[in-house]
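The values are calculated or read from the model by the stated rules, or taken from the named source; none is laboratory data. What you see is a predicted model, and the numbers here were worked out from it, not measured in a lab. With ideal geometry, Cβ positions are generated from the backbone for all residues, glycine too; neighbour counts draw on all protein chains shown. Note: accessible area is taken over every heavy atom of the protein model, side chains too, but ligands, DNA and RNA are not part of it. Shrake-Rupley method; radii C 1.70, N 1.55, O 1.52, S 1.80 Å.
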Protein chains: 2
Amino acid sequence: VTDNLRSDISWVGVDWGSSNFRAYALDAERNILDSTATNAGMRVVEQRNYEAVLLQQIQHWLPLHGKLLVLMSGMVGARQGWQEASYKAVPCVSFTASDVMPIETQSQRIRAFIAPGVSQQNPPDVMRGEETQIFGWLEQQPDFTGTVCLPGTHSKWVTVSDGEIKQFRTYITGEMFSLLCEQSVLKHSTQSTEWSRHSFSNAVRESALAQHDAADILGGLFSTRAADLLHGVSASRAKAALSARLIHAECDAALRLFASREETETPIVLIGDAALTELYEEVLVHAKQQVHSIAAPTATLLGLQGVANAILNKELFHA
Amino acid sequence: VTDNLRSDISWVGVDWGSSNFRAYALDAERNILDSTATNAGMRVVEQRNYEAVLLQQIQHWLPLHGKLLVLMSGMVGARQGWQEASYKAVPCVSFTASDVMPIETQSQRIRAFIAPGVSQQNPPDVMRGEETQIFGWLEQQPDFTGTVCLPGTHSKWVTVSDGEIKQFRTYITGEMFSLLCEQSVLKHSTQSTEWSRHSFSNAVRESALAQHDAADILGGLFSTRAADLLHGVSASRAKAALSARLIHAECDAALRLFASREETETPIVLIGDAALTELYEEVLVHAKQQVHSIAAPTATLLGLQGVANAILNKELFHA
């Protein structure tokens, strides 16, 4: 990073989740000048170490004079995170500068804020980070009415209209996959470092045929183990089949719940890591849905941009 | 154990599962003279140590002269067990003396056999131990036609008629409960050493109202965590609610699959540990089912009795 580039940095956007830290240095024209990532997510960072992790990751971006604006979203604002940021209740529009929580830091070289999460009273549900990505999508498509799906450890399905998050539901699909692969009786049949996209596609085709019991996770999964005991099945194939089975169960249940979709031509918007959204895309296309995928970082930064502008413009922040 | 009692022992029945070892000393008239139990199940016993564990548990029953007949069923016959016993395919009647597998032992004081498991090709499924309990029930009710449910780590639902196991399905409900309570994000809300039967009953009533999404485990469970984050929920209440939710999901899916049940007056037969079958009984009664519960040890011993008699009577076994 040259001093030249360093002086062009206008603000830093951070997506700090359970498993990953990703930071982006942006200029005043929304261009990404530089980025950094580590797996120092909330699960592994101790509460008192958040600032140190952040500074270590972005120190080469710090200005020679003055303070750098750092806007963060995600599990960094959870109870087990750096500092608990509040929730905004649904229905909920994009955040403003007054919504983000200022964090006291030891360092005098940053001014840090954490975005709130979004909560729903009935049924009880919460999100942290995904809302920022949805607001980013609404920056691009302010009139969007439809369903947004954000695959992940705890996938979110969200109804959006009138520029608001209306309601949502969390599916613990990613976590369930890890638990079953690594900790359950299925591990004897599914432990593999390989990933077979081909096996995944085959399993999607097969599970689409058996759609009637897609939701019966408790009853359907043991057959993975039994098939291996009776016939022998390669671990990479069994692992891909388990993944397809779970994603199919999630999509099947969600499509049922977000049923009005069937009458619309609006694609489901998928926001997430490319490797994962690809899998959801395949399952949803098999379920006769149209999809439109967006990379998570783009969405996060667009979602934080408005707040960054407001803080920078209103000179709430003195560089 | 007196020498007098010792000489009355005719054979020993053993139920050796993943988590538990239970042995019973029986006389020639089917009376239980003594019993012993430990948590030295398949999960913790190393393959070469099975005989030592068995002998330690039953040494006070060994006859002063000759050999003691020991009949075992359960995961002791699994690939990770003492020695892999074969499967018999459905449809499948009670075992005969030629079905059980003789085990080579170091000790000259026992003659040990392991009962086979039962397998199903399509959909692939297996059981070990439960089949013996079902055969025990058929000893009492040879003309039984209906559904047997055996709750546990891997619950089995089984269709029985003409004295045969016709088909079955495994639900990994017990294992799922442990994984979610101990390893998932829900652990922050559900870890409690208390068990609140009252909370379980409340949750059963509530989940019966929300029957339409009973099967949606991936989507329904996160609300346990969210409710705690938003309102605070005691861990013992959340744990009981999770248990009710999972058992309800299992019973709901199984009742759908074993649908012809609705036309019959025959109760569902529940076989298992009393503490667990009680919970299933409550959920099933809420789902307007009739149930008839039997203790697992009784069923196991009745299921092994026929084989024991055959071996003893045919003098295949020389005491």
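Full extension of the chain between A:Gln141 and A:Thr96 gives 14.4 nm of extra length, using 0.36 nm per residue less the Cα-Cα distance. Each label point was placed 7 Å from the Cα along the Cα-to-Cβ direction; for A:Ala274 and A:Ala28 their separation is 3.2 nm. Label points for B:Glu46 are taken 7 Å from Cα along Cα→Cβ. From this copy to the others they lie 3.6 nm apart, shortest first. Computing Rg and the Kirkwood Rh from the Cα coordinates of the stretch B:141-195 gives a ratio, Rg/Rh, of 1.24. Only Cα pairs under 8 Å and 6+ residues apart enter the sum, and on that basis the relative contact order of chain B stands at 16 percent.
For the stretch A:1-75, with all protein chains in place and a probe radius of 1.4 Å, 43% of the accessible heavy-atom surface sits on carbon or sulfur. Report, to the nearest whole %, how much of the accessible area of the stretch A:86-133 belongs to carbon and sulfur atoms, 1.4 Å probe, protein only. So the carbon and sulfur contribution to the accessible surface is 49 percent. From the largest down, the stretch B:53-108 spans 42, 24, 16 angstrom on the principal axes of its Cα atoms.
Please go through the stretch B:231-308 and write out the trypsin sites (Lys or Arg not before Pro) that DSSP classes as loop and that have at most 15 other C-beta atoms within 10 Å. Passing sites in the stretch B:231-308 are B:Lys288.
So, for the stretch B:1-119, what is the accessible surface per residue at a probe of 1.4 Å, expressed in square angstrom? Intermediate results must be reported in sequence, preceding the final value.
Details: 5580 Å² over 119 residues.
Per-residue accessible area for the stretch B:1-119 comes out at 47 Å².
Looking at the stretch B:24-84, which trypsin sites (Lys or Arg not before Pro) are DSSP coil and have at most 15 other C-beta atoms within 10 Å of their C-beta?
Details: sites: B:Arg30, B:Arg43, B:Arg48, B:Lys67, B:Arg79; in loops: B:Arg30, B:Arg43, B:Lys67, B:Arg79.
Within the stretch B:24-84, the qualifying trypsin sites (Lys or Arg not before Pro) (loop, at most 15 other Cβ atoms within 10 Å) are B:Arg30, B:Arg43, B:Arg79.
Which whole-number percentage describes the relative contact order of the stretch B:70-226, with Cα contacts under 8 Å and a sequence gap of 6 or more? Intermediate values should be presented prior to the final figure.
Numbers: 214 pairs, mean separation 25.8, N = 157.
After rounding, I find 16 percent.
Classify the stretch A:65-184 from the C-alpha gyration tensor, please: rounded if a/c falls under 1.5, else prolate or oblate depending on whether a/b exceeds b/c. Judged from the Cα gyration tensor, the stretch A:65-184 comes out oblate (a/c at least 1.5, b/c at or above a/b). Within straight-line reach of B:Lys166, meaning a Cα separation under 26 Å, sit the following lysines at least 8 residues removed in sequence or on another chain: B:Lys88, B:Lys156, B:Lys288.
Interface burial in the stretch B:230-252 reaches 30 Å² or more for B:Leu230, B:His231, comparing the full protein assembly with the chain by itself; accessible area from heavy atoms with a 1.4 Å probe.
Distances between copies of A:Glu164, taken at a point 7 Å out from Cα along the Cα→Cβ vector and listed shortest first: 6.1 nm. Annotation: lysines with alpha-carbon distance below 17 angstrom to A:Lys187 (same-chain offsets under eight excluded): A:Lys239.
Considering only protein heavy atoms, what per residue accessible area in square angstrom results for the stretch A:127-280 with a 1.4 angstrom probe?
Accessible surface, normalised per residue, equals 38 Å².
Run the reach check for B:Lys314 against lysines, Cα to Cα strictly under 17 Å, same-chain hits fewer than 8 apart removed. What comes back? Partners found: B:Lys67. Legend: residues in the stretch B:115-130 shielded by at least 30 square angstrom of accessible surface upon adding the remaining protein chains to the isolated chain (1.4 Å probe, heavy atoms) are B:Gln121, B:Pro124, B:Val126. The GluC sites (Glu not before Pro) found in the stretch B:55-158 that occupy coil by DSSP, while having at most 11 further C-beta atoms within 10 Å, are B:Glu104. In chain B, the inverse of the mean reciprocal separation of distinct Cα atoms equals 20.9 Å; this is its Kirkwood hydrodynamic radius. Annotation: A:Glu281 carries an accessible surface of approximately 70 Å², with a 1.4 Å probe and no ligand, DNA or RNA atoms counted. Modelled label positions at B:Gln121 and A:Glu206, each set 7 Å beyond Cα in the direction of Cβ, lie 1.6 nm from each other.
Building the convex hull from the alpha-carbon atoms of the stretch B:13-104 and averaging its projection over directions returns 6.9 nm².
Each 10 Å bin from zero up to the one holding the largest Cα-Cα distance in the stretch A:72-134 carries the following percent of pairs: 23, 52, 21, 4, 0.
Normalising the average separation of contacting C-alpha pairs (under 8 angstrom, six or more residues apart) by the number of residues puts the relative contact order of the stretch A:200-254 at 60 percent.
Convex hull volume per residue, computed on the Cα atoms of the stretch A:101-161, equals 132 Å³. Pairing chain A with chain B buries about 3700 Å² of accessible area. This figure sums both sides and uses a 1.4 Å probe. Computed on protein heavy atoms with a 1.4 Å probe, the accessible areas place B:Asp213, A:Asp273, A:Asp252 in the order A:Asp273, B:Asp213, A:Asp252, largest first.
Calculate, in whole percent, how much of the Cα-Cα pair population of the protein assembly as shown lies beyond 33 Å. Tail of the P(r) past 33 Å holds 54 percent of the pairs. Measuring nothing but protein heavy atoms, the accessible surface of the stretch A:269-312 at 1.4 Å probe radius is 58 percent carbon and sulfur.
For B:Ser86, inter-copy separations between label points set 7 Å beyond Cα along the Cβ vector come to 7.1 nm, shortest first. Taking 7 Å steps out from each Cα toward its Cβ at B:Ala52 and B:Asn39 produces label points 2.0 nm apart.
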